[in-house]
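Peer 1: I have a structure I would like to understand better, so I am pasting it below and will then ask my questions one at a time.
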Amino acid sequence: MYRRSSNGHIFEILLFTLSSLLLYHTGVGFPLFLVPLQIVASRRGFGALALAEGVFFVVFLGIRLWPTIADTPHVLPDAITAMETGVALLCLLGMLLVNLPLRRRPRTLVMLLAATGVAAAAAVPALLLLGGTSAFQEGMNQLYTEISRAMTGVFSPGADTGAAAFLSQMLQPDRLRRMTEATLLRSLAADYLVLLSFSWWAGQSAARRTPLYPTADRFRLSRFRLEAGWLWPLIVSGALVLADLFGSAVPSLAFFRDAGGPYIAWNAGLVVLFLFGLQGLAIVMFLFEKYHLPRFLWFLLLVGIVVLAASPGAGVFVILVIPALGVSENWIRYRIPAEAAPTE
């Protein structure tokens, strides 16, 4: 009875908001901090989600800005704090957009992609503005200096060998910053889409386990399928990525590189690659369900894929072969129901 009362509703919303704040501030829990908010949306609706996110953001700002205000009142926060606040705000706004209660609500995939597009469009001027401030550059230099010092102490070999000299060169703050920024800027949209998609799926799945608050929609990975038209974004973005990789000596591509074309191509390509990767996993999940294989084998398969993807040798192969499986379904029919006739 308490859970059905108004006070119970507020208490539940505040509890999940507190869980989200704790996950965010633990560092390693950052990939999960949107999940409690999605549970609120699935159980209580869009209005409850807006309330939870409002409380989250107010507390977040209080934690970030209170030390600055207490020490030196009327002083603006530093550039690093501003960037972190912007990242948190984009994540919260993306979750709101995905759960927007439209009268003719499109496919959730469309909502996820729309939120990703909005976040990417908002991130570009923010990054350009921050990149031009000296305070931000100084803060980033200090941050990478500390990261370099910590990594050197952990990974540097004791012996004075060629490997030690190479590792020492790779762990220089400037080199670390260039490699990190080059990788991050090329995968920003895909990273955001993965975070938002996982949070939506995990929150929906967790909410469905509560009998009092069943959700109307149930996402099943084995039914996920892309239309054939998605091949064209894959082909175009793949061609532009190849132009970035192997076209450095072509003068006609100078404008493409100067206008930020490689970053757009990589972000778009990785987004489409992720979607076809989901389709590849959907094929495997369908076969697991068709032949009634144990669920723990599916879990072991996912763990194996993650481990291989993180390994230097097999990472690229795994990242490409699973989307390739999804792409091949445009010509090969894998998902044939068990009750289908032999001639179908």
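The values are calculated or read from the model by the stated rules, or taken from the named source; none is laboratory data. Here the structure is a predicted model, which means the values were calculated and not measured. Cβ atoms come from the backbone with ideal geometry, glycine included; neighbour counts cover every protein chain shown.
Peer 1: Can you give me the number of residues within the stretch 94-112 that are without any contact (Cβ under 8 Å) to a residue 40 or more places away in the chain and part of a helix (DSSP H, G or I)?
Peer 2: To start, the set of residues in the stretch 94-112 that are without any contact (Cβ under 8 Å) to a residue 40 or more places away in the chain comprises 97, 102-107, 110-111.
Applying the additional criterion that residues be part of a helix (DSSP H, G or I) yields 97, 110-111.
Within the stretch 94-112, residues that are without any contact (Cβ under 8 Å) to a residue 40 or more places away in the chain and part of a helix (DSSP H, G or I) number 3.
Peer 1: Something else now. Could you list, ordered by first residue, the pairs with Cβ atoms under 9 Å in which the first is in the stretch 129-146 and within 16 Å of residue 175 (Cβ to Cβ) and the second is of a type in the set (Gly, Ala, Ser), at least 6 apart or interchain?
Peer 2: 140/79
Peer 1: Moving on. Can you tell which of 113, 130 is aliphatic (A, V, I, L, M), over 27 Å from residue 44 (Cβ atoms) and surrounded by 16 or more Cβ atoms within 10 Å (Cβ to Cβ)? Explain how you work it out, then say what you get.
Peer 2: Details: 113 fails: over 27 Å from residue 44 (Cβ atoms).
One residue alone meets the criteria, 130.
Peer 1: Specify the residue that is farthest from residue 278 (Cα to Cα); the eligible residues are those in the stretch 307-339 that are exposed (fewer than 10 other Cβ atoms within 10 Å of the Cβ) and modelled with pLDDT under 85.
Peer 2: Pass one, the stretch 307-339, residues exposed (fewer than 10 other Cβ atoms within 10 Å of the Cβ): 312-313, 331-333, 337-339.
Those still in the list that are modelled with pLDDT under 85 too: 312-313, 337-339.
Working: 312: 22, 313: 22, 337: 19, 338: 22, 339: 25 Å.
Ranking the candidates gives 339 first.
Peer 1: Another question about this same structure. Condition first: farther than 17 Å from residue 245 by Cβ, in the same structural domain as residue 228 (by TED's automatic domain parsing) and touching a residue at least 12 places away in the same chain (Cβ under 8 Å). Can you find one or more residues in the stretch 304-315 that meet it?
Peer 2: Yes, that holds for at least one residue.
Peer 1: Moving on to the next point. All but one of (1) surrounded by 14 or more Cβ atoms within 10 Å (Cβ to Cβ); (2) at pLDDT 70 or above; (3) closer than 30 Å to residue 101 by Cα; (4) not aromatic (Phe, Trp, Tyr) hold for residue 215; which doesn't?
Peer 2: (2)
Peer 1: Here's a check for you: in the stretch 99-110, which residue that is within 24 Å of the chain's Cα centre (by Cα) and basic (Lys, Arg) is surrounded by the most Cβ atoms within 10 Å (Cβ to Cβ)?
Peer 2: 105
Peer 1: Every residue in the stretch 56-79 that is among the β-branched types (Val, Ile, Thr) and either modelled with pLDDT of 75 or more or over 22 Å from residue 134 (Cβ atoms) (or both), please. I'd like the intermediate steps shown before the answer.
Peer 2: Start the filter on the stretch 56-79 by keeping residues that are among the β-branched types (Val, Ile, Thr), which leaves 58-59, 63, 68-69, 72, 75.
Matches in the stretch 56-79: 58, 59, 63, 69.
Peer 1: Given 288, 224, which one is at pLDDT 85 or above, under 17 Å from residue 324 (Cβ atoms), among the hydrophobic types (A, V, I, L, M, F, W, C) and surrounded by 10 or more Cβ atoms within 10 Å (Cβ to Cβ)?
Peer 2: Details: 288 fails: under 17 Å from residue 324 (Cβ atoms).
The unique qualifying residue is 224.
Peer 1: If you don't mind, another one. Taking residue 270 as meeting all but one of (1) crowded, with 17+ Cβ neighbours inside 10 Å; (2) at pLDDT below 90, write down the number of the exception.
Peer 2: Every condition holds for residue 270 apart from (2).
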